[in-house]
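Student: One structure coming up, written as structure tokens, with questions to follow.
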Amino acid sequence: MRLFFVFLFFTINVFAKPPLIILIGPPGSGKGTQADLIKSNFSYPHISTGDLLRDNIENQTQIGNQIEKLLKNGTMVPDSIILKMLYDRVHSNDCNNGAIIDGSSRTIDQAKYLYNVFSDEYNLIIFFFDLSDDKSTKRIINRVICKNCNAVYNKVYYPSKSDKKCDNCSENLLTRIDDKQDVIIKRLNFYNNQLPKLTKFYMQKSNVFHLDADQPRDEIFLVIKNLLLHIENNF
Ligand SMILES: [Zn+2]
């Protein structure tokens, strides 16, 4: 039996705009995992603001150096930096047929910006990942990622097959610098502070869905997939 609580706000879409799928949820709620599943099933590129930030850090760009200091302190990266990176990325050619954005819309200003800038060109589809603080924390503490291919594992929930190595590329698995416990608490507090404003803003929009994120990932994906197919068929 499925325990998803999905609230549907369907509208019939008259114009066939490509989808811009936006995933919103606390850290550890499985947004990245679902983004990868959507990507492999629907062939939309997966844009992670976290990856955009980390790419800048790794390449030691000027922005990257600023971001690294902020992340180490658990301070959120300013909207202006995130939105500039997102704008450029979504206007790349590989996003012409649609894209998935994961990790943005954390603030109400970002959410409004995304709507203003992209809703003429794209059909915005929003998924909220609902998960308690306690469960988010447990998931993040055990999370490890592959630095080479960005695959995400969890030492408890989804361990890699070989110890501490990536199943895809055999690279060593690492904890993310922003996955330390005190930093996690700051990130959760920040998210919880923004959430009522985000929920209220999106309540007035179409194609907004709430998912129970405390479910096996394949079941969550099945719900997402059916919703996306339904929306596609109504174009
Ligand atoms: Zn890998």
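Since every read-out is calculated from the coordinates, none of them should be taken as a lab result. These numbers were taken from a predicted model, which means no experiment stands behind them. Positions of Cβ are backbone-derived with ideal geometry, glycine not excepted, and every protein chain shown enters the neighbour counts.
Student: Tabulate in residue order the Karplus-calculated ³J(HN,Hα) for the range 76-89, using 6.51 cos²θ - 1.76 cosθ + 1.60 with θ = phi - 60°, rounded to whole Hz; enter x for Gly and Pro.
Tutor: 6, 6, x, 3, 4, 5, 5, 5, 5, 5, 5, 4, 5, 5
Student: Note the per residue figure in Å³ for the convex hull of the C-alpha positions in the range 87-146.
Tutor: So the per-residue hull volume is 120 Å³.
Student: On to the next question. Choose one of Leu174, Gln194, His210: the residue whose Cα lies farthest towards the positive end of the charge dipole of the range 174-235 (beta-carbon charges +1 Lys, Arg; -1 Asp, Glu; about the Cα centre).
Tutor: The one lying farthest along the dipole's positive direction is Gln194.
Student: Among Asp133, Asp167, Asp88, which one shows the biggest mean-square fluctuation in a GNM of the chain, springs joining Cα atoms closer than 10 Å?
Tutor: In the Gaussian network model the winner is Asp88.
Student: Can you compute the modelled spin-label distance between Val156 and Tyr87, with each label point 7 Å from Cα toward Cβ, in nm?
Tutor: With each label placed 7 Å out from Cα toward Cβ, I get 4.1 nm.
Student: Under a 10 Å cutoff between Cα atoms, tell me which one of Asn97, Asn207, Asn123 has the largest fluctuation in the Gaussian network model of the chain.
Tutor: For the chain, modelled as a Gaussian network with Cα springs under 10 Å, the answer is Asn97.
Student: Provide the three semi-axes, in whole Å and in decreasing order, of the ellipsoid equivalent to the range 188-228 as defined by the square roots of 5 times the Cα gyration tensor eigenvalues.
Tutor: After scaling each eigenvalue by five and taking roots: 23, 16, 5 Å.
Student: On to the next question. Say each of Asn97 and Leu70 gets a label point 7 Å from the Cα, pointing the same way as Cα to Cβ; how far apart are those two points in nm?
Tutor: The answer from the label model is 3.4 nm.
Student: Computed FRET efficiency, Cβ-Cβ of Gln62 and Asn41, R0 35 Å: what is it to the nearest 0.05?
Tutor: The pair Gln62/Asn41 has a calculated efficiency of 0.40.
Student: Compare the peptides 17-23, 150-156 by average per-residue count of other Cβ atoms within 10 angstrom and give them in order, highest first.
Tutor: 17-23, 150-156
Student: Do any cysteines of the chain lack a neighbour Cys whose Cβ is under 4.7 Å away, and which are they?
Tutor: Cys95, Cys149, Cys169
Student: Another question, then. One quarter of the convex hull surface, Cα atoms only: what value does that give for the chain in nm²?
Tutor: The number I arrive at for the chain is 12.6 nm².
Student: Can you tell which of Asp36, Asp109, Asp120 shows the greatest fluctuation in a Gaussian network model of the chain with Cα springs below 10 Å?
Tutor: Asp120
Student: On to the next question. Sticking with the crude label model, points 7 Å out along Cα→Cβ, report the distance from Asp109 to Asn226 in nm, one decimal please.
Tutor: 4.0 nm
Student: Mean separation of Cα pairs under 8 Å and 6+ residues apart, divided by the residue count of the chain: what relative contact order is that in percent?
Tutor: Once divided by the residue count of the chain, the mean separation gives 34 percent.
Student: Based on alpha-carbon centroids, what's the gap between the range 115-183 and the range 200-228 in Å, whole number please?
Tutor: For the range 115-183 versus the range 200-228, the Cα centre distance is 18 Å.
Student: Next question, about the same structure. With only Lys, Arg, Asp and Glu charged, each at its Cβ (+1 for the first two, -1 for the last two), find how big the charge dipole of the chain is about the Cα centre; round to the nearest 20 debye.
Tutor: Once rounded to the nearest 20, the dipole reads 440 debye.
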